[in-house]
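Undergrad: Here's a structure for you.
The values are calculated or read from the model by the stated rules, or taken from the named source; none is laboratory data. Remember, predicted model here, so these are calculated numbers, not experimental data. Glycine also receives a Cβ, built like all others from the backbone with ideal geometry; neighbour counts cover every protein chain displayed.
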Amino acid sequence: MRALLERIPTPQQYYRLTGASFRALCPEKSGHMNMGLWPAATLRAGQEGLIGLAFRSACELLDRQGIARPRGVLDLGCGWGGTGRLWSEAFPLVPYFGVNASAEQVAAARAHTRQSARSEQIRYLLARAEDDDLPWAEVDLAISIEAMFHFADKARIIQAMTPHVKGAVLLEICVENRRVIDNPLLTPSLHSAWTTAQYAQAFAGNGWSRVRIDDIGTNVFDGFLEYVRAIDEAAYDGRRAILRQLVEASQALAEAHARGDLRYVSVVADK
């Protein structure tokens with residue numbers, strides 16, 4: 001963890017350094033890397049509840065657009081394959097493209113997908129979210145679940161998707177007061193985070209007609225903090241020092257949200 005505190009990592013480096021310790025939080029090896037929607041019985045249930053929230057927002061967006069069956073979805077920051085599996089169950093035959101800059105996570109996602117009965121509709125791309133050759137022309141929907149704050153050039157991503165997709169659903173941490181990233185536990189993950197106003201302005205500036213932003217942080221930060229606090233250090237499949245840092249970072253997120261310095265938001269944008 002020392003490396004995280006000494007420099008600003010790229011998304012690839014961040015996930016390489018934190019992936020194993022985060023995955024150790026979930027004994028079920030769910031295939032997800034998000035903090036979850038709480039209350040929930042388990043971390044996996046919370047994580048899948050958060051993904052379900054994104055999917056419900058996507059369905060509502062598609063209904064408003066009169067789209068019965070989208071051409072496909074592009075998931076920016078797709079994790080270890082759990083979201084692709086859930087997508088294939090919720091949207092049979094609708095292509096899913098999962099984008100991830102971490103070679104380790106893409107390999108794990110592909111292995112996870114081989115167990116799926118609908119593996120043919122799921123593809124994982126080792127790429128950056130800002131890359132020019134993403135298959136935007138093949139999808140109607142963009143989603144990103146707890147990942148966009150890592151990407152340095154969010155304006156470029158929104159500009160790239162605009163000519164092609166009908167809508168976007170982002171579950172995202174927004175930093176409203178930059179003093180939050182003075183905390184060395186939060187600097188590595190949040191140094192590129194936007195404010196909610198920046199998201200609204202970026203979508204509006206590209207001609208999107210509707211942007212709705214709802215704060216769901218109370219149902220994320222507080223529940224995740226309670227979960228990690230309850231983990232038995234002796235049973236944690238990782239180092240005790242790392243678990244303690246995770247608890248401290250989670251507490252810092254919850255306290256910053258309570259002050260209004262950061263928000264965990266659902267961003268739903270329509271063309």
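Undergrad: Take the residues in region 209-236 that are surrounded by 19 or more Cβ atoms within 10 Å (Cβ to Cβ) and hydrophobic (A, V, I, L, M, F, W, C); name whichever of them is modelled with the lowest pLDDT.
TA: Here the residue is Val228.
Undergrad: Here's something else I'd like to know. Consider region 219-271. How many of its residues are among the charged types (D, E, K, R), in contact with a helix residue (DSSP H, G or I) (Cβ under 9 Å, 6 or more places away or on another chain) and assigned to a loop (DSSP other than H, G, I, E, B)?
TA: Matching residues across region 219-271 total 4.
Undergrad: Moving on to the next point. Could you please give the count of residues in region 60-83 that are within 13 Å of the chain's Cα centre (by Cα) and on the phi < 0 side of the Ramachandran plot? Show your work before the answer.
TA: Of region 60-83, the ones within 13 Å of the chain's Cα centre (by Cα) are 74-83.
Among the residues that remain, those that are also on the phi < 0 side of the Ramachandran plot are: 74-76, 78, 80, 82-83.
Qualifying residue count, region 60-83: 7.
Undergrad: Taking only pairs six or more apart or across chains, which ones have beta-carbon atoms under 6 Å, a first residue in region 141-156 that is more than 22 Å from Gly19 (Cα to Cα) and in contact (Cβ under 8 Å) with a residue 24 or more places away in the chain, and a second residue that is in a loop (DSSP other than H, G, I, E, B) and of a type in the set (Asp, Glu)?
TA: Arg156/Glu130
Undergrad: Got a number for residues in region 166-213 being within 11 Å of Asp261 (Cβ to Cβ) and free of Cβ contacts under 8 Å to residues at least 24 places away in the same chain?
TA: So the count comes out to 4.
Undergrad: Let me ask you something else. Could you say which residue among Lys166, Lys154 is among the charged types (D, E, K, R) and in contact with a Phe, Trp or Tyr (Cβ under 7 Å, 6 or more places away or on another chain)? Full working, then the answer.
TA: On the way: Lys166 fails: in contact with a Phe, Trp or Tyr (Cβ under 7 Å, 6 or more places away or on another chain).
Residue meeting the stated conditions: Lys154.
Undergrad: If a residue has to be polar (S, T, N, Q), within 21 Å of Asp140 (Cβ to Cβ) and surrounded by fewer than 19 Cβ atoms within 10 Å (Cβ to Cβ) to count, how many in region 162-208 make the cut?
TA: Step one: filter region 162-208 for residues polar (S, T, N, Q), giving 162, 177, 183, 187, 189, 192, 195-196, 198, 201, 206.
After this cut, where a residue has to be within 21 Å of Asp140 (Cβ to Cβ) as well, the list is 162, 206.
Filter again for surrounded by fewer than 19 Cβ atoms within 10 Å (Cβ to Cβ), leaving 206.
Total meeting the criteria: 1.
So that you can scan it fast, the table gives a plain yes or no per residue for (1) at pLDDT below 95; (2) in contact with a Leu (Cβ under 9 Å, 6 or more places away or on another chain); (3) within 30 Å of Gly66 (Cβ to Cβ); (4) part of a helix (DSSP H, G or I):
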residue: Ala168; (1), (2), (3), (4): no, yes, yes, no
residue: Glu172; (1), (2), (3), (4): no, no, yes, no
residue: Arg179; (1), (2), (3), (4): no, no, no, yes
residue: Pro184; (1), (2), (3), (4): yes, yes, no, no
residue: Ala193; (1), (2), (3), (4): no, yes, no, no
residue: Gly207; (1), (2), (3), (4): no, no, yes, no
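Undergrad: Here's something else I'd like to know. Identify all residues within region 152-166 that are farther than 20 Å from Ala58 by Cβ and in a loop (DSSP other than H, G, I, E, B); write none if there are none.
TA: Of all residues in region 152-166, those farther than 20 Å from Ala58 by Cβ come to 152-153, 155-156, 159.
Answer for region 152-166, where residues must be farther than 20 Å from Ala58 by Cβ and in a loop (DSSP other than H, G, I, E, B): Ala152, Asp153.
Undergrad: Given the conditions (1) at positive phi; (2) touching a Lys or Arg at 6+ places or on another chain (Cβ under 8 Å), and given that Cys26 satisfies all but one, which numbered condition is not satisfied?
TA: (1)
Undergrad: Looking only at region 143-160, which residues are more than 12 Å from the chain's Cα centre (by Cα) and either of a type in the set (D, E, K, R) or crowded, with 23+ Cβ neighbours inside 10 Å (or both)?
TA: Initially, region 143-160 is screened for residues more than 12 Å from the chain's Cα centre (by Cα), giving 152-160.
Scanning region 143-160 gives Asp153, Lys154, Arg156, Ile157.
Undergrad: Taking region 237-265 as the search range and keeping residues that are surrounded by fewer than 16 Cβ atoms within 10 Å (Cβ to Cβ) and small (Gly, Ala, Ser), which one is farthest from the chain's Cα centre (by Cα)?
TA: Ala241
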